[in-house]
Amino acid sequence: MAYRVLVIDDETGIREAIRMTLEYEGYRIEEARSGQEGLDKAGRTSYDAILLDIKMPILDGIEVLENLKTQRITAPVIMVSGHGDVHTAVECTKRGAFDFLEKPLNRDKLLLTVRNAVRQRSLEEENTELKEKQEKEYRLVGDSELMRDLKSQIERAAPTKATVLITGESGTGKELVAREIHRRSSRSHMPFIQVNCAAIPEELIESELFGHEKGSFTGAVRKQTGKFVAADSGTIFLDEIGDMSLRTQAKVLRVLQEGEVEPVGSATVVKVDVRVIAATNKDLTEEIRNGRFREDLYYRLNVIPIRTPPLRERKDDIGILGQHFANLFAEEHNKHPKKFTPSALKALQDAPWRGNVRELRNMIERLVIMGPNDTIDVTDLPAEFFRAATDIISSAMRLNTLQEFKDEAEKAFILAKLREHGWNVSKTAEAIDTPRSNLYKKIEQYGIKREGGGGAFAPPDGDA
Ligand SMILES: Nc1ncnc2c1ncn2[C@@H]1O[C@H](COP(=O)(O)OP(=O)(O)OP(=O)(O)O)[C@@H](O)[C@H]1O
Ligand SMILES: [Mg+2]
């Protein structure tokens, strides 16, 4: 696709010359004969670059530039100056012009400057696209009471420098919360450095965190900057802190207390200004009891405790989360957006979700890629989804008699099979090898209701 360039100049000869040069190189040119016409055109169309003459009657180039900026037109502007107003052109670059050219225009210089301008523009566009994508990827979705509470805790904690300890089961969004706190802090334009304490081998973690001098140990062939120094003025996210050794904990404690880092093998200390966010899915008080976590470090970290609730405590979020992921992956994999049927939604809400949001997310990605239809129905959900046999057994332990247990297991089995066969009683009866009439009897006996607005089952004879 050709780049579009707008040429704003009151002199026909100049416009023509620029047009000829640039069109020959494949650019698409539009012309404006006055500052006002240029502004109108720039407001209507998105150009990849604008060439703007400084000296024009009524509305001159400087005023046009200012107007473009206040209108938030982001196309790079190249000022074109006659001789005598070069200093004005320089002044314009300070006010947001991309570059300037002097008349008489030199063909090669013109081409080079325009090429640089459009290149910068496409880089900027890529950058904002990337940012938008990241923002979508890391957005905390959910509107349940617990989620709203979590968001308001984030809002209150974010602007401070206080240390935050995020706890919660695996896959509940701890990393997302950490990023959100950073994004909403005054440090957001400074680095966010993530360290996965569980993934780094014990021998290396100290030099990862604090850096090392060249030759301080075998293999230290060059000086390395530690993560704490890299995060200076920003945020360090100590993920899986429950997996950190006691020895390293002692060193981290020192950084928190003194605000100083001591690189391995170095005699000097480095002052750092770092906000610390830590996360773990372990119960740290339990770890303290077992002598695996330092109590003093725990209190240092736990200034603001934030807990990410598991999905089973906020079932009302499952619908929006599911739809959010369905849209996200449809876009990513170039698929049609899919909607859930009410019975599929109900089944999702009833699932145990041991893997929490991560498990939900992965399942939906699979469904978006593999599902042949524009809707996701209960029958599209994976079979293992309904095979929560161990769940039935463990929850049945509260029962007293064998009969009660048999009933409970039978009910769960029938429910799962009905879902699997889209609530078609005939098909289900056939699949589980029982007469249809018997299945109806069981449905009635256990008070099984069709999920998702389907209402009651048809009477045995009316069933297709
Ligand atoms: N509220 C939410 N809204 C949108 N996406 C979420 C939400 N919570 C979690 N996710 C997504 O679920 C996945 C797991 O989240 P995350 O990595 O933050 O979990 P975690 O608590 O750090 O888990 P672990 O303890 O295993 O490291 C990520 O892909 C994340 O984007
Ligand atoms: Mg995590």
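The values are calculated or read from the model by the stated rules, or taken from the named source; none is laboratory data. Note that the coordinates shown come from a computational prediction; the quantities given were computed from them, not determined experimentally. Note: ideal-geometry Cβ built from the backbone for every residue, glycine included; neighbour counts use all protein chains shown.
Could you tell me which numbered condition Val86 fails, if it satisfies all but one of (1) in contact with a helix residue (DSSP H, G or I) (Cβ under 9 Å, 6 or more places away or on another chain); (2) at pLDDT below 95?
Every listed condition holds for Val86 apart from (1).
Going through Arg289, Arg222 one at a time, which residue ends up being of a type in the set (Lys, Arg), more than 16 Å from ligand 1 (Cβ to nearest atom) and more than 19 Å from Glu203 (Cβ to Cβ)?
Values: Arg222 fails: more than 19 Å from Glu203 (Cβ to Cβ).
Result: Arg289 is the single residue among Arg289, Arg222 that is of a type in the set (Lys, Arg), more than 16 Å from ligand 1 (Cβ to nearest atom) and more than 19 Å from Glu203 (Cβ to Cβ).
Name the helices (runs of 4 or more DSSP H) wholly within region 1-113 that hold at least 3 residues that are closer than 24 Å to Glu124 by Cβ? Walk me through how you get there before you give the answer.
Working: elements: 12-24, 35-44, 61-70, 86-94.
Output list reads 35-44, 61-70, 86-94.
Being assigned to a helix (DSSP H, G or I), within 16 Å of ligand 1 (Cβ to nearest atom), of a type in the set (S, T, N, Q) and out of contact with any Leu (no Cβ under 7 Å at 6 or more places or on another chain): is that true of Ser122 here?
Working: assigned to a helix (DSSP H, G or I): yes; within 16 Å of ligand 1 (Cβ to nearest atom): no; of a type in the set (S, T, N, Q): yes; out of contact with any Leu (no Cβ under 7 Å at 6 or more places or on another chain): yes.
No, not satisfied.
I'd like to verify a number: residues in region 113-155 that are of a type outside the set (S, T, N, Q), under 22 Å from Val274 (Cβ atoms) and surrounded by 13 or more Cβ atoms within 10 Å (Cβ to Cβ), how many?
First, the residues of region 113-155 that are of a type outside the set (S, T, N, Q): 114-115, 117-119, 121, 123-126, 129-133, 135-143, 145-151, 154-155.
Filter again for under 22 Å from Val274 (Cβ atoms), leaving 138, 154-155.
From what is left, the residues that are surrounded by 13 or more Cβ atoms within 10 Å (Cβ to Cβ) are 138, 154.
Going through region 113-155 one residue at a time, the tally reaches 2.
Would a scan of region 150-163 turn up a residue that is charged (D, E, K, R), within 16 Å of ligand 2 (Cβ to nearest atom) and in a helix (DSSP H, G or I)?
Of all residues in region 150-163, those charged (D, E, K, R) come to 151, 155-156, 161.
Still in the running and within 16 Å of ligand 2 (Cβ to nearest atom): none.
No - not one qualifying residue is present in region 150-163.
Report yes if some residue within region 361-374 is in a strand (DSSP E or B), at pLDDT 90 or above and surrounded by fewer than 18 Cβ atoms within 10 Å (Cβ to Cβ); otherwise report no. Walk me through it before giving the result.
As a first pass, look at region 361-374 and keep what is in a strand (DSSP E or B): none.
No: region 361-374 contains no residue that is in a strand (DSSP E or B), at pLDDT 90 or above and surrounded by fewer than 18 Cβ atoms within 10 Å (Cβ to Cβ).
Look through region 107-149, keep the residues that are hydrophobic (A, V, I, L, M, F, W, C) and in contact with a Lys or Arg (Cβ under 8 Å, 6 or more places away or on another chain), and return whichever of them is nearest to ligand 2 (Cβ to nearest atom). Before the answer, list the steps.
Within region 107-149, the subset hydrophobic (A, V, I, L, M, F, W, C) is 110-112, 114, 117-118, 123, 130, 140-141, 146-147.
Of the ones still in play, those that are also in contact with a Lys or Arg (Cβ under 8 Å, 6 or more places away or on another chain) are 140, 146-147.
Working: Leu140: 14, Leu146: 19, Met147: 18 Å.
Only one residue fits best here, namely Leu140.
So the check is Cβ under 6 Å with 6+ separation or different chains; which pairs have a first residue in region 401-416 that's within 23 Å of Pro382 (Cβ to Cβ) and a second one that's of a type outside the set (Val, Ile, Thr) and assigned to a helix (DSSP H, G or I)?
If the second residue must be of a type outside the set (Val, Ile, Thr) and assigned to a helix (DSSP H, G or I), the pairs left are Ile414/Lys442; Ala416/Phe386.
For region 217-246, enumerate the residues that are under 10 Å from Pro191 (Cα atoms) and either away from ligand 2 (no atom under 16 Å from the Cβ) or among the hydrophobic types (A, V, I, L, M, F, W, C) (or both).
First pass over region 217-246, keeping only residues under 10 Å from Pro191 (Cα atoms): 230-236.
Passing the criteria: Ala230, Ala231, Asp232, Ser233, Gly234, Ile236.
Collect the residues in region 167-217 that are surrounded by 18 or more Cβ atoms within 10 Å (Cβ to Cβ), of a type in the set (Ser, Thr, Tyr), away from ligand 1 (no atom under 16 Å from the Cβ) and assigned to a loop (DSSP other than H, G, I, E, B), keeping them in residue-number order.
Hit for region 167-217 is Ser185, nothing else.
Matching residues to (1) more than 16 Å from ligand 2 (Cβ to nearest atom); (2) touching a strand residue (DSSP E or B) at 6+ places or on another chain (Cβ under 9 Å); (3) under 29 Å from Lys151 (Cα atoms); (4) outside the structural domain of Ser186 (by TED's automatic domain parsing):
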{"site": "Leu256", "(1), (2), (3), (4)": "yes, yes, yes, no"}
{"site": "Ile277", "(1), (2), (3), (4)": "no, yes, yes, no"}
{"site": "Gly291", "(1), (2), (3), (4)": "yes, no, no, no"}
{"site": "Phe329", "(1), (2), (3), (4)": "yes, no, yes, yes"}
{"site": "His333", "(1), (2), (3), (4)": "yes, no, no, yes"}
{"site": "Ala344", "(1), (2), (3), (4)": "yes, yes, yes, yes"}
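Considering Ala32, Ala2, Ala17, which residue is in contact with a Lys or Arg (Cβ under 8 Å, 6 or more places away or on another chain) and either in contact (Cβ under 8 Å) with a residue 60 or more places away in the chain or crowded, with 22+ Cβ neighbours inside 10 Å (or both)?
On the way: Ala2 fails: either in contact (Cβ under 8 Å) with a residue 60 or more places away in the chain or crowded, with 22+ Cβ neighbours inside 10 Å (or both); Ala17 fails: in contact with a Lys or Arg (Cβ under 8 Å, 6 or more places away or on another chain).
One residue alone meets the criteria, Ala32.
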